[in-house]
1. Nearest 0.05, what FRET efficiency do residue 141 and residue 64 give at R0 = 25 Å with Cβ-Cβ as r?
2. In nm, give the distance between the simple-model label positions of residue 16 and residue 91, each being 7 Å from the Cα along the Cα-to-Cβ direction.
3. Three principal axis extents, largest first, for the C-alpha atoms of the range 78-154, in Å?
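Computed from the coordinates by the stated procedures, all read-outs in this text should not be read as laboratory data. Predicted model, so just to flag it, every value in this text is computed and none were measured. When we count neighbours, we look across all protein chains shown, and the Cβ atoms used for this are built from the backbone with ideal geometry, even at glycine.
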C-alpha cells in the first residue's frame, strides 16, 4: 500500500468517526421547544464597539472609496464653487473697463467667466493678466508649512504656441 492510499483511508476513517460522533450528540440531546429557543437567545442589542476618534481616523474604515472625499463629484456644489483648479482650462481672456476677465472651461465642458477674487472649490482667482490666470490654491497637506500656493495657468501652453 502506498502513501497516497494510506492517507486517503485515514481521512475516510476520520470523517466517518466525526459523522458518528455528531449523530450520537444529536440523539442524546433532547429537542428544545421553540419558546425555549427564543427565550434562551439574547435580545438584539446595539453594537458594543464605539471608536473615540480624538482627531485620528478610524482604523477600521477602508481608505479606498471613502464618502468624505472632498474631490468626489457627488458632494460638490454646482457651478464655479464646485470646480477644482487642476480641472480647469483657460479658454480666453477679455479686457474690459473694470480689468481682465477670464473664460475658463470646467470638466463638464461648460464655460465660466471669472474675475479676481472669485472662489473655487480648492482656492480662488488671485489675478488675471493678458496671457495667464494666477490662482491661489489651498494646500491640504497637514505636514506642509505652506497653506496656500500660487498656480499659474497660461492661455496657451508652451507646446501649443502660435502658428
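1. With a Förster radius of 25 Å, E is 0.80.
2. The answer from the label model is 8.2 nm.
3. 41, 25, 18
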